[in-house]
Amino acid sequence: MKKLKMGMIGGGGGSFIGAIHRNAALLDNCIELVCGSFSSDFQNSIETGKKLYLNEERIYKSYDEMISVESKLDLNERMNIVSIVTPNHLHFDPAVKALDNGFPVIIDKPLSFDSDQAKKLVEKVNETNLPFAVTHTYTGYPMVKEAKSLIENGKIGKIRKVAVEYPQGWLTTNLENTDNKQASWRTDPKKSGKAGSMGDIGTHAANMVEYVTGKKIISLFSKLNTVVKGRLLEDDGNVLISMEDGIEGNLMTSQIATGEENDLKIRVWGEEGGIEWKHSTPNTLLLKLNGNPNQILRAGVDNSYLSDFALSHCRTPSGHPEGFIEAFANIYRNFSYAVNNHLNSKDNDEIYDFPTVEEGYRGMKFIDAVIESSIHSKWINI
């Protein structure tokens, strides 16, 4: 095991998610930021790098320059991994170039601009055999992992039905017509891709339900809505989903749910009970067993009733919040272990659990399916 050196693409001044990625990457002291190309505006990149105390020689004008120069440095000096935190239309090219130069990649979701790019990334990862992670952050929470473990071990019996929702209210008004950089690119089909809310947060919801249940969505029927007048992409939607093993359910996303923040919520019901987790109370998992009072399970490193899988992702004693940064950090930590394994030619084990390029590709196919279904008002297979 060695501390990994990270280069970042994107995340300069005006970025929201770049700082989140950096904080998460540094939390476990497994990774250090050594270089970056933080913006297409080189002055922005310089200012960002200086604030992060980077050597100016390793603040690059472009990701092409960063990848080229770093690949020629001594093995003990060069970056070991690349973090890509750009808008969606700038995911594919730097990811391919990083992989081609031998650098494992961790990338923000959704995986790419469209599913054609996503398929090519899957092929490239398989060709290079390099670790590749996609930051579907919510699967990093300990109690989400506990839910997955309970279902895998048959605690609630055969799954019958699922429901997942992700409401936000931040785009209730036409925010993209102001100077809000995040709203501007996320509602622009030239930068975000063909989907709005379903690409931005629907991919999280779809990934969550597949991760927790261990079953894939095989078909869906969607109705998408563009509520705010003049908006170029949908900002609200409802989806009926059919999953493997005859599981039926529904998925909802909305970015015009006035007053909501980021309250992703999942419920799964089986023959013997159900589970419920929501992002606003992430330390809590409700276990509802038939004929018994509901149980409140809580995260915490001293909770002996939790599975080893969940405990390996707990960071604080009982009663202390496990937050968004910690969930993000679990993905970065597990990814760093996988990279070290790769560097040392060792096999992975369970703790290296993180979303891979395959999950990212499924997210892009989900986007394709919800758009096509809504246009043609019919069920679409994924």
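Any read-out appearing in this document is the output of simple, stated calculations on the displayed coordinates, not a laboratory observation. In this text the structure is predicted, and so the values were computed from the model without any measurement. Cβ atoms come from the backbone with ideal geometry, glycine included; neighbour counts cover every protein chain shown.
Taking the 0 to 90 degree range and rounding to the nearest ten, how far is the long axis of helix 324-343 tilted relative to the main principal axis of the chain, both from C-alpha atoms?
Rounded to the nearest ten degrees, it is 60.
Which whole number of Å³ per residue matches the convex hull of the alpha-carbon atoms in the range 7-131?
Values: hull volume 12.6 nm³, N = 125.
Hull volume normalised by residue count: 101 Å³.
Short version: ³J(HN,Hα) in whole Hz for each residue of the range 261-274, in order, from phi by Karplus 6.51 cos²θ - 1.76 cosθ + 1.60 (θ = phi - 60°), x for Gly and Pro, what are they?
9, 9, 9, 4, 9, 10, 10, 10, 10, x, 5, 10, x, x
Loop sites only, by DSSP: take the chymotrypsin sites (Phe, Trp or Tyr not before Pro) in the chain that have at most 12 other C-beta atoms within 10 Å and name the longest stretch containing none of them. Mind dumping the intermediate values first?
Working: sites that count: Phe16, Tyr53, Tyr305.
Of all site-free stretches, the longest is 54-304.
Would you mind telling me which residue in Ile84, Ile367, Ile151 has the biggest mean-square fluctuation in a Gaussian network model of the chain, where springs connect alpha carbons within a distance under 10 angstrom?
Highest fluctuation among the options: Ile151.
Cα axis of helix 203-213 to longest principal axis of the chain: angle in degrees, 0 to 90, nearest 10?
Here the helix axis deviates by roughly 60 degrees.
Would you list which lysines come within 18 Å of Lys3, measuring only between C-alpha atoms, while excluding same-chain residues fewer than 8 positions from it?
Cross-link targets: Lys346.
Amide H of Ser219: which non-local residues (sequence gap of 5 or more, or other chain) have their own amide H closer than 5 Å, using H built in the peptide plane?
Hits under the 5 Å cutoff: Ser242, Ile382.
Which trypsin sites (Lys or Arg not before Pro) in the range 221-283 pass both tests, a DSSP loop state and at most 11 other beta-carbon atoms within 10 Å? Before the final figure, lay out each step's value.
Values: sites: Lys223, Lys229, Arg231, Lys265, Arg267, Lys278; in loops: Lys229, Arg231.
Taking the range 221-283 and a limit of 11 other Cβ atoms within 10 Å, the loop trypsin sites (Lys or Arg not before Pro) found are Lys229.
What list do you get for Glu32, Glu165, Glu57 if you sort them by fewest beta carbons within 10 Å? Write out the running numbers ahead of the final one.
Values: Glu32 13, Glu165 20, Glu57 8.
The most exposed by this proxy come first: Glu57, Glu32, Glu165.
Among Cys35, Cys30, rank each residue by its count of other Cβ atoms within 10 Å, from fewest to most, as a rough exposure measure. Display every interim value, and only then the final one.
Details: Cys35 24, Cys30 21.
Fewest-to-most Cβ neighbours within 10 Å comes out as Cys30, Cys35.
What are the principal axis extents of the Cα atoms in the chain, in Å, biggest first?
65, 52, 38
Collect residues whose amide H, placed 1.01 Å from N in the peptide plane, falls under 5 Å from the amide H of Thr356; neighbours closer than 5 in sequence don't count.
Counting only residues 5 or more places away or on other chains, the set is Val134.
How long is the gain from His376 to Asn44 if the chain were fully straight, where each residue apart is worth 0.36 nm and the alpha carbon distance is subtracted? Working shown, then result.
Numbers: separation 332, 0.36 × 332 = 119.52 nm, distance 4.38 nm.
This chain segment gains 115.1 nm when fully extended.
Where the only charges are on Cβ atoms (+1 Lys, Arg; -1 Asp, Glu), what is the dipole of the chain about its Cα centre, to the nearest 20 debye?
Values: 42 positive and 50 negative charges, 56 e Å.
Value, rounded to 20: 260 debye.
At a threshold of 8 angstrom on Cα-Cα distance, excluding pairs fewer than six apart, so keeping six or more, what relative contact order does the chain reach in percent?
20 percent
What FRET efficiency comes out for Lys2 versus Glu271 if R0 is 45 angstrom and r is the Cβ-Cβ distance? Round to the nearest 0.05.
On the way: r = 48 Å, r/R0 = 1.06.
Efficiency, from the Cβ-Cβ distance: 0.40.
Counting pairs on different chains as well as pairs 8 or more places apart, how many Lys pairs in the range 94-168 have Cα atoms under 23 Å apart?
Qualifying lysine pairs in the range 94-168: 14.
Separation between the Val227 and Glu127 pseudo-spin-labels, each 7 Å from Cα along Cα→Cβ, expressed in nm?
Calculated label separation equals 4.3 nm.
Quick one: among Ala310, Ala183, Ala338, which has the greatest mean-square fluctuation in a GNM of the chain with alpha-carbon springs under 10 angstrom?
Ala183
Quick one: among Leu33, Leu343, Leu220, which has the greatest mean-square fluctuation in a GNM of the chain with alpha-carbon springs under 10 angstrom?
Leu343
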